[in-house]
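Asks: This structure is in C-alpha cells; I'll ask about it shortly.
The values are calculated or read from the model by the stated rules, or taken from the named source; none is laboratory data. These numbers come from a predicted model, not from an experiment. All Cβ positions, glycine included, derive from the backbone under ideal geometry; neighbour counts span all protein chains shown. Surface accessibility is based on the protein's heavy atoms, side chains included, excluding ligands, DNA and RNA. Shrake-Rupley method; radii C 1.70, N 1.55, O 1.52, S 1.80 Å.
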Amino acid sequence: MVKPFVIGIAGGTGSGKTTLTKAITQRFPGETSVVYHDNYYRRWDGLTYEQRSVLNFDAPEAFDTDLMVVQLKELIAGNAIQSPVYDFTVHNRSDETVTVEPAPVILVEGILIFSDPDLCSLFDLKLFVDTDADVRIMRRIKRDVLERGRSIESVEAQYLKTVKPMHELYVEPAKRRADLIIPEGGRNLVALDILFSRIAGIIG
C-alpha cells in the first residue's frame with residue numbers, strides 16, 4: 001500500500017478553510033478523505049446548555065486531539081475510522097459517528113491543528129489560510145446565525161471573549177509552522193492551480 005499524502009489546512013475562524021477543502025475534494029473526487037478537527041470537541045454531557053455555551057471552544061484543551069491522532073494514524077494505515085460528529089446547535093458532541101474511508105489524499109482541517117506537535121507531525125503538507133480579521137468575523141456571524149441558530153449578540157460576545165484572544169495566542173503563531181500561506185483560501189485561484197498540480201502529481 002502506498003502511504004497517503006496528508007494535508008493539514010489551518011487558519012482562523014471564517015478564513016476560508018472549508019472553501020479550500022471543498023475545492024480540493026471537488027477537483028479530485030474519490031481521491032480524498034476529510035477529517036475535521038471540529039468533530040473532535042470534547043463531550044460535555046455533565047453540563048447544561050447554558051454552561052456549555054460559555055466554554056472556551058478556541059483553546060487546544062477544548063479538543064480531544066489525542067483521539068484524532070489515533071484515528072488519523074489508523075486512516076493513514078489504510079483503515080476506515082468512525083469519526084465523532086459535533087452538534088454546534090447544542091454545543092456538544094452527538095451520539096452519531098461518520099465513517100471516513102482511507103484515500104490517496106487525506107485532508108485535515110481545523111483552526112488549531114498546527115498547535116499539537118503529534119498531530120502536526122502527521123502532515124506531509126501544511127497549509128495556512130490567511131484572511132483579514134474583518135472578513136473572518138463577518139463570515140462567522142453569517143454562518144453562526146444562519147446555520148447554527150445563534151443570536152448576533154452571542155456570536156459577538158463569544159468572539160470578543162475567546163475567539164479573538166485565542167486566535168492571537170494560538171492560531172496566528174501557528175502560521176510559522178505552515179509550508180504554504182494561502183491568502184483567501186479557496187478563492188485564491190492562482191494558489192489553487194499550484195496546489196492542484198502538486199496533488200495531481202502525487203496521485204499520479
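Asks: Just the number, please: Stokes-Einstein D of region 112-186 in µm²/s, Kirkwood Rh from C-alpha pairs, 20 °C, 1.002 mPa s.
Replies: Details: Rh = 13.7 Å.
Answer, rounded: 156 µm²/s.
Asks: Could you sort 95, 132 by accessible area so the largest value comes first, with the probe set to 1.4 Å?
Replies: Values: 95 140, 132 90 Å².
My answer, sorted largest first, is 95, 132.
Asks: Can you tell me which lysines have their Cα less than 22 Å from the Cα of residue 142? Leave out same-chain residues fewer than eight positions away.
Replies: Straight-line reach from residue 142, under 22 Å: 17, 22, 161, 164.
Asks: Treat each spin label as a single point 7 Å out from the Cα along the C-beta direction, and report the residue 169 to residue 80 distance in nm.
Replies: Inter-label distance under the simple model: 4.0 nm.
Asks: Write down the accessible area per residue of region 24-129 in Å², having rolled a 1.4 Å probe over the full set of protein chains.
Replies: Working: 4690 Å² over 106 residues.
Result: 44 Å² per residue.
Asks: Further question: Tell me what the chain gives for mean residue ellipticity at 222 nm when only DSSP H runs of n ≥ 4 count, each as -39,500 (n - 2.57), the sum divided by the residue total, rounded to 500 deg cm²/dmol. Numbers along the way, then the final one.
Replies: Details: 7 runs with 69 residues, N = 204.
Result for the chain: -10000 deg cm²/dmol, rounded to the nearest 500.
Asks: Ok, one more. What figure, in Å² to the nearest 10, do you get for the accessible area of residue 40 with a 1.4 Å probe and non-protein molecules left out?
Replies: Residue 40 exposes around 0 Å² with every protein chain in place.
Asks: Let me ask something else. Under unit Cβ charges (Lys, Arg +1; Asp, Glu -1), what dipole magnitude, rounded to 20 debye, does region 64-158 have relative to its Cα centre?
Replies: Dipole magnitude for region 64-158 comes out near 240 debye.
Asks: Around residue 92, what is the net charge, scoring Lys/Arg as +1 and Asp/Glu as -1 over all other residues with Cβ under 14 Å from its Cβ? Let's see the in-between values first.
Replies: Numbers: positive: 42, 43, 52, 93, 148; negative: 38, 45, 50, 64, 87, 95, 96.
Cβ neighbours under 14 Å give a net charge of -2.
Asks: When only DSSP loop residues count, what trypsin sites (Lys or Arg not before Pro) in region 39-143 have their Cβ near at most 11 other Cβ atoms within 10 Å? Working shown, then result.
Replies: Numbers: sites: 42, 43, 52, 73, 93, 126, 136, 139, 140, 142, 143; in loops: 42, 43.
When the trypsin sites (Lys or Arg not before Pro) of region 39-143 are filtered for loop state and at most 11 Cβ neighbours within 10 Å, nothing remains.
Asks: Of (i) 19.8, 65; (ii) 16.6, 51; (iii) 48.7, 156, which is the value of Rg and Dmax of the Cα atoms in Å derived from the coordinates here?
Replies: (ii)
Asks: Still on this structure: Where is the GNM fluctuation largest for the chain (alpha-carbon springs, 10 angstrom cutoff): 194, 137, 24?
Replies: Its mean-square fluctuation being the largest, the pick is 194.
Asks: Out of 21, 89, 48, any idea which swings most in a Gaussian network model of the chain, alpha carbons joined below 10 Å?
Replies: Comparing 21, 89, 48 in the GNM, the peak value goes to 48.
Asks: Leaving ligands, DNA and RNA out of it, report the carbon-plus-sulfur percent of the accessible area of region 67-195 at a 1.4 Å probe.
Replies: Numbers: 3640 of 6550 Å².
Its accessible area is 56 percent carbon and sulfur atoms.
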